[in-house]
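A quick write-up on the structure given underneath.
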Amino acid sequence: MNPDLRRERAAATFNPELITHLLDGSPEKTRRRREIENKILSDPDFQHENHNFLTRSERYEAAIKKSAVMVKKMREFGIADPDEIMWFKSFVHRGQPEPLDLHLGMFLPTLLQQATAEQQERFFMPAWNLEITGTYAQTEMGHGTHLRGLETTATYDPKTQEFIINSPTVTSIKWWPGGLGKTSNHAIVLAQLITQGKCYGLHAFIVPIREIGTHKPLPGITVGDIGPKFGYEEMDNGYLKMDNYRIPRENMLMKYAQVKPDGTYVKPVSNKLTYGTMVFVRSFLVGAAAQSLSKACTIAIRYSAVRHQSEIKPGEPEPQVDFQTQQYKLFPILATAYAFQFVGSYMKDTYHRINESIGQGDLSELPELHALTAGLKAFTTWTANAGIEECRLACGGHGYSHCSGIPNIYVTFTPACTFEGENTVMMLQTARFLMKVYDQVQSGKLVHGLVSYLNDLPSQRIQPQQVAVWPTVVDINNPDSLTEIYKLRAARLIDIAAKSLQGEMSHRKSKEVAWNLTSVGLVRATDAHCHYVVVKLFADKLLKIQDKTIQAVLRNLFLLYSLYGISQKAGDFLQGNIMTGSQITQVNQRVLELLAVIRPNAVALVDAFDYKDITLGSVLGRYDGNVYENLFEWAKKSPLNKTEVHESYHKYLKPLQSKL
Amino acid sequence: MSSRAHRVSLGDSWSQRVHPDIESERRRQAFDVERLTNLLDRGARNTTLRREVESLFRSDPAFSLVNTYFMTQKEHFQAAAQKRFLLHKMAQRLNWPEDGLEIDYARRALSGDIILGVHTVATKAIISLGSEEQIAKWVPLCKTYQIIATYAQTEMGHGSYLQGLETEATYDAATQEFVIHSPTITATKWWPGDLGCLATHAIVMAQLICSGAKRGMHAFVVPIRSPQDHTPLPGITAGDIGPRMGLENADNGFLQLDHVRVPRENMLSRFAQVLPDGTYIRCGTAQSNYLPMVVTRVDILTSVVLPSLQKACVIATRYSVIRRQGRLRPSDPEAKILDYQTQQQKLLFPLAMSYAFHFQAVSLLEFFQHAYNAVQSNDTSLLPELHVLTTGSKAMMTDFCAYGVELCRRACGGHGYSKLSGLPSLATQVVASCTYEGENTVLYLQVARFLMKNYQQIWETEGAHSQRSLPQSVQYFTMVHHDKCPAQNASDFLLPEIYTTAWAHTAARLVEDSARHLQVLTQSGADQQDAWNQTSVSLVQAAKAHCYYVTVKSFQDAVKKLDSEPAIQLVLKRLCDLFALHGILADSGIFLYDGFLSGPQVDMVRTAYLDLLSLIRKDAVLLTDAFDFTDQCLNSALGCYDGNVYERLFQWAQMSPNNNSQENPAYKKYIQPLIRSHGSKL
C-alpha cells in the first residue's frame, strides 16, 4: 500500500467499519452485501475487458452477455429481496446501465401492479423467463415530463375489439426508452386512450414490437437505435413508430381502468395510485445521487492524499489534501454525500411505510410524499451532478481521462437531472404543494409533516426589513439551532414567493401567467425548503447514533454541511435578518476550522463507503493508492498503442511532407 | 452571400423550409443582425472573408462533421488526420498566407476537429523562445511538416506547478550535449497533444542542470521518432495515454526519456544560454520562458472556449423556441419553452456571458499584441500585467464557459444528452480547458498574489503618486466611493456606474479582507507559506470577484463605444446589465455583508434582473444568429438555422451503425439460448 494512504488510515480517529454498518443498516446487511459482491467478483462469467477500451457495440454486447447470465444466476442464488437484487445488478454491471434495465425495473413491476390476473398469466412468466423482453415507452420525441402533451393514440375499435395504436406525427415517435433500440420484443406503450369518440387520457398498453424467434420488427412497427449519447453506451435507447398498429383489447393494462368490449370506459377508483411507481423511482434516485457522489468523492479524496503537487513550504511537497483550497472543494462534498446517504435511506423507509398504509387504503400521506420526492429528487440530483464534476476537476488533468473513472460516473448520473421528471418541473411541482399548504395555513388550518414549520408563519409576520430577535439565539455549533435557521430561511422565501404570486394575480393576470412570472422565485423557495429538509433529516440521524466516536465524526460533517450551505447562501440569511454580518464571519471561520478538523479522517470517511476498486473503476481512486504505476499500465491498453507506428502516419503525415 | 444562405449549410431537404416558430422570432428585428455580426468579426471585410472560407467546406463529404458522432476514438482520430491533410492541400492551392485569418476561419469551420493543434503551439514556442539561428533552423521545418513537433511540459505527477517538474537536462561539457532524462515514473511527460502517434520532435520542458547547479525550467528540442520509419528513437518510450472524455483529435501522448542526448544548440536560448564550458547566462526575466503559455492561453480562449459557449447558446436558444411544453394559458396552444421564466433564467445568462467574454477577449488581444511586440524588442516590462490578465481571464472564462455550456445542455432536456444535439461534445471540449494550460484554482491564486502585491504597494507608497504606479486593472483599489450603494429603485440598477461600482467596491473589500487576514496570521507567528495556505480560500474568492469586476468593466467600456450603433448598443447594454446583476444575485452575501447593499436593494436588483429576462428574451434568437455559425459547424440536430429539429434528429439517428441491419447478433448469442434452456425445463 502507498505509504501516504497507510499513514492516513492509521491517523483516523474512528473505525470505518462501524460507519459502513450504519450506512448499510446493520452489520448483518454489510456482511450479506459483501458476500454477494464477492460471489460476483470471483465468477468468471462476469469478467470482461475494461469497458473504456471497447467500442459502443462491444460494450452493448458485453452488457447483454452479463445480463443474460445475471438473470439466471440471481435465481440460482435465490436472490429475491429488493435490496439484494439491486446490489446484485449493480455489482454485475459495476454501476453501469444495461439493456435489460427497463425490462427488470419497469416492464415487470408495471405488469405486477397494473395487469389483471389474466394478463399476468399471459405475460408474466414468459417475461420472467426472458422469452418476452420488454421496455416502457412513455417519452416521445417532442414530449417529456409534461405527460398530458403525449401524442400517441390508442383508439378502440369495438368491431374487432382491438386498439389501434398510432404515432400521428414525427414528434409523437417514442424516443429514448432503454432496451428499445435492439433488445426488446414488447413494449408497454403509454398512449391517449380514445373510445366512443372521447379521449380519456394516458393509459398503458402491451404492444408486441418484434417477432419472437426471428426478432424482426413486426409489420406496422418502425423501431431502431437513437444514436450515440453522452454516456449510456451499454444501453440501446431506441425509437418506436407505430403505424395504425392493432393489438387486442386484452392488451390494455386493466387492473384499474378498463375498456369493456362495447367500448364503455370504466374509471379507476383513484388516479393517485399510479403515482406509486413514480414516487418509488424518484425516491430511489435520491439514494442514487448519494451513491454517485460518494464514489466520486472516494476517488478524489484518495487521489488527493497521494498526489504531491506543489509545495506549501519549499522542499516539503505536501499531499494535495493539505491545501485549504482542495479541502474547501472536497470536504463539503463529502459532507453532502453523507447527508444524501441518510436522506436516501429515509426516503426508502418512508416509501415502504406509506406504501403499507396505501395497501390498507389510507392515501392521506401520498400528496406530501409525492411533493417531497419531486423536490428532493431535483435538489439532490442537481447538487450531486455539480459535486461529481467538482470532484473530477479537483483531480486536475487526470480527472479528464477515463482512467479516473469520474467522467463515467458523471455521464451515467447526469441524466437523472432530466429523466423521471425534469428537475425544474419537479421543483415547481413541489412549489405548487408548498403554495397550497401556505394557503391552508393562511386560512387557519394546521398542517402536518415536514411542512409543519409553516404553521408559525402568521405569527412571525416575516418582513424583509424587520430587525428580528433571531440572531442572538443562533448557536453555530448546535444542530437544533442550525436546523432552526434553515427553517426560517425556507419560511421567509416561501412567504415572499407566495406574496409575489398573489401580487401578480392582483394585477389581474391569469393564474398561469402569474405562476410563470413568479417561477424563478418559486424554485428558489423550494430549493430552500429542500435544503432545510436535508439539514433536518441529517440532524435527526445524529440523535439516533449510539456510538460516541462515530457520532462525533458525523457531527462534524453535519456542521460542515450546514455551515457551508449558510456561507454559500449568505445573502439569504443576511437579507432575512436571520443572521448578522459578524455571525456570517463566524460561520466562514468555523467552516475553515472544520476543514482542518475533518482532514485527518477524510480518507477513513471515504473508506467507510466501502467501494471495491472494481466498482469504482478508477486508477486514481485505488484503495492501495498506487496510482502512477497503474496509470501507465492502463494507458498501454489503449487501442492506439497496439501498433508502434500508427497507420495515419503512412496515410496522411508522409504525404503531407512529400507534397513539397 | 446572404447571412441566411450562409448559415443554412447542410443542404438537406428540410433546409428549404424554415419552421414557423423560429421564423416568427426573426420577424421582429430590433437591430440589424448583420451589423452585429460585423462588429463581432471586427469588420465587415472579415465577415466576408470568413464566409468565403467557411463556404469552401460545404460540399466535400470528407469535411463532414456529423459522421464523427458515429465513430470510435480511433476512427475519429483518423478522420481528424484526414481533414488536416486536406486542409493543408487547400491552403496550398489557394495560396493562403501563413498567419492569415483564413486558417483561423478554416479551423472554425471544422470546429477545430483536426490534428496537429499542438504542432502549431510548439512552432510558436520555438518562435518565442528560440534564438534567431534556432528559429531559422527549426521553424521552416515545422511549417513544411518535415518535422511534427509537440510541446511537452505536463508530467504524469506534475501539472500547473512548473517548479515541480522532474524531467532533467544535465549539461555534459565533455561532449557539449544535454542529457535529457525522466528519473521517475511521475516524470513521464503525460498529456501533450500530437505526441501519442504523431510527433517526430518534442519541445521538452526540463530542469536545466549545468555546472552542478539547478537553473529552473528550460525548453529543449528533442527528436523522438525516426524520420525514416517513424519508430521511436533509442531511449524514447512514447504512446497514447488512453481514452478521455473528449479531445479524440488531440493525440494526447506520453513520453519517457532515458538519458537521451541532444546537442547544446538544441536548448532554446533567446532568454538564457549555456556556453560550451557550461557557464549559464540569463538574458531576460524568468517569466519570459512562460511566454508560450500566454500565447496558447489567449489562442485557446478565442478559438475554443468562447466559440463553444456561443454555439451552445445558439443550439439551446433555437431549440427552446421549437420545443413546446405545457400551457401558459388554458386556451393557448402549448407554450415555447423559452417563454418560461425559468428557461430564460437558464439560457440568457450564458448568452450574456457569450458577449461579455467576447469583448473581454478583444481587449485582451489588443493588450496582448501591444505587450508581445514589446517583448519581441526585448522590453518585458508589461509582462507581469499581461501574465495576470491572461491568467485571470483564462480561469474565469473557462470556469464560466464550462458552466454555461453544461447549463445549455441540461436546458435541452433529454435531447441534450444525445450526442446528436452537439452539446455533449461542446461540453467535453470546454471542460478540458478548466484544467489544461493551468488549473483554475492555481491560476486564481496567481491572480491573488498579484492583487496582494499591489494592494500592499498602496500602503507602502501612500501619497499622490500611488495611483499612477498601479497597473491599470487594479486602479480601482484607490477609487473613492461611497460605503453604501446610492440606488433608490430597481431602475437605478440599470445604471452601469451603479453596478460597476458595486463590483469594484466588493472586489476591493474582499482583497482588503484577505490582505488583513494574511497580516494577522503572520503577525501571530505563522510563516508566510502557512499563512498563505490558510488564507487561500478567501484569496480565491477575492480573485474571482476581481475577475468578475474586470469583465463587467470591459463589457461596459465596449458598450459605451457603440454610440454610432444605438440599436445594437441598447441590446448589448441589456446583456451587460444582466451579466452584472446575475453575479450580484448569485453571491448577494458578499454585497450585503458590509452593508454596501441593503436587503431592499437586493430585492431591487432581483426585480431589475427579472425584467431584463423578458426584454432580452424577445431578441434572443437574433442575438444568437449574430454569431453566424453555419449549420455544418454547429453540427447539431437541435440547433439548425431552419428549426426543423425533429425531422433532422430522426434522420440523423438512422445513421447509427446499430440501425444498419435489423439483426441483433448479441441477442441471438446470449438471450435466445437462455430462452431455449427455459423451454426445455418447462
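Each reported figure results from applying straightforward, stated rules to the coordinates on display, with no laboratory input. What you are looking at is a predicted structure, and each value in this text was computed from that prediction instead of being measured. Using ideal geometry, Cβ is built from the backbone for each residue, glycine included, and neighbour counts are taken over all protein chains shown.
Summary of computed values
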| read-out | value |
| --- | --- |
| Contour excess over end-to-end distance, with Cα ends at B:GLU132 and B:ASP172 and 0.36 nm allotted per residue | 12.0 nm |
| Span per principal axis, largest first, for the Cα atoms of region B:574-656 (Å) | 59, 25, 19 |
| Scattering profile of the protein assembly as shown at q = 0.09 Å⁻¹ [log10 I(q)/I(0), Debye over alpha-carbon scatterers] | -1.32 |
| Taking only Cα atoms of region A:132-264, radius of gyration then Dmax in Å | 14.4, 48 |
| Helix-only [θ]222 nm of chain A, DSSP H runs n ≥ 4, -39500 (n - 2.57) each, per residue, nearest 500 | -17000 deg cm²/dmol |
| Under the Karplus curve 6.51 cos²θ - 1.76 cosθ + 1.60, θ = phi - 60°, whole-Hz ³J(HN,Hα) for region A:504-519, x wherever Gly or Pro sits | 4, 6, 5, 7, 6, 8, 5, 4, 5, 5, 4, 4, 4, 6, 10, 5 |
| More than 20 angstrom apart: percent of Cα pairs within region A:316-393 | 50 percent |
| Peptide ranges A:51-64, B:225-238 listed from the most packed, as the mean C-beta count within 10 angstrom indicates | A:51-64, B:225-238 |
| For region B:150-259, convex hull of alpha carbons as volume per residue, Å³ | 97 Å³ |
| Simple spin-label estimate for B:LYS89 and B:LEU570 in nanometres, 7 Å along Cα-Cβ | 5.2 nm |
| Region B:387-465, Cα convex hull volume normalised per residue, Å³ | 100 Å³ |
| Rh (Kirkwood; distinct C-alpha pairs) - region A:213-370, Å | 21.5 Å |
| Spin-label pair B:GLN456/A:GLN196, simplified geometry with 7 Å Cα→Cβ offset, distance in nm | 8.7 nm |
| Ratio Rg/Rh, restricted to chain A and using Cα atoms, in which Rh is the Kirkwood radius | 0.99 |
| Where only C-alpha atoms are counted, convex hull volume of region A:414-459 per residue in Å³ | 81 Å³ |
| Quotient of Cα Rg and 2.2 N^0.38 Å for chain B, N being how many residues it contains | 1.04 |
| Dipole magnitude of chain A, debye to nearest 20 (Cβ charges: Lys/Arg +1, Asp/Glu -1, about Cα centre) | 880 debye |
| Among A:ALA204, A:GLN192, A:GLN309 the positive-end extreme of the charge dipole of chain A (Cβ point charges) | A:GLN192 |
| Long-range Cα-Cα pairs in region A:95-181 (distance over 20 Å), rounded percent | 49 percent |
| Charged-residue dipole, Cβ positions (Lys, Arg, Asp, Glu), region A:132-264 about Cα centre, Debye nearest 20 | 280 debye |
| Rounded if a/c under 1.5, otherwise prolate or oblate - region B:10-76, Cα gyration tensor axes | oblate |
| Calculated on alpha-carbon atoms, Rg and Dmax of region B:546-603 in Å | 13.5, 40 |
| Square roots of five times the Cα gyration tensor eigenvalues for region A:555-626, Å | 35, 13, 9 |
| Chain B, dipole about Cα centre (Lys/Arg Cβ +1, Asp/Glu Cβ -1), debye to the nearest 20 | 1740 debye |
| For B:320-332, mean number of other protein chain Cβ atoms within 10 Å | 4 |
| Helical mean residue ellipticity (222 nm; -39500 (n - 2.57) per DSSP H run of 4+; nearest 500) of chain B | -17000 deg cm²/dmol |
| Region B:220-334 pair-distance distribution - Cα-Cα, 10 Å bins, rounded % | 10, 19, 25, 19, 10, 7, 6, 3, 1 |
| Interchain or long-range residues, amide H under 5 Å from B:ILE147's placed H | B:CYS142 |
| DSSP-loop GluC sites (Glu not before Pro) across region A:613-660, with at most 13 other Cβ within 10 angstrom | A:GLU644 |
| Region B:115-200 shape via C-alpha gyration tensor axes, a/c threshold 1.5 | oblate |
| Restricting region B:487-596 to trypsin sites (Lys or Arg not before Pro) in coil, as DSSP defines it, with at most 11 other Cβ within 10 Å | B:LYS561 |
| Residues of region A:2-37 with amide N under 20 Å of a point placed 7 Å along Cα→Cβ from A:GLU356 | A:25-26, A:29 |
| Extension reserve of the A:LYS636-A:ASP262 stretch, reckoned as 0.36 nm per residue once the Cα distance is removed | 127.8 nm |
| Of A:ALA289, A:MET1, A:THR580, farthest towards positive along the dipole that unit charges on Lys, Arg, Asp, Glu beta carbons give chain A | A:THR580 |
| When region B:48-207 is reduced to its Cα atoms, the Kirkwood hydrodynamic radius in Å | 17.8 Å |
| A:ARG246-A:ASN38 FRET efficiency (beta carbon distance; Förster radius 56 Å; 0.05 resolution) | 0.65 |
| Charge dipole (the protein assembly as shown, unit charges on Cβ, about Cα centre) - positive-most of B:GLN163, A:HIS507, A:ALA552 | A:HIS507 |
| FRET efficiency, 1/(1 + (r/R0)^6) with R0 35 Å, evaluated for B:LYS669 and B:GLU75 via beta carbons | 0.90 |
| Spacing of the two label points (7 Å from each Cα toward its C-beta) at A:ASP540 and B:THR279, in nm | 8.0 nm |
| Once the Cα gyration tensor of region B:416-573 is diagonalised, semi-axes √(5λ) in Å | 32, 27, 14 |
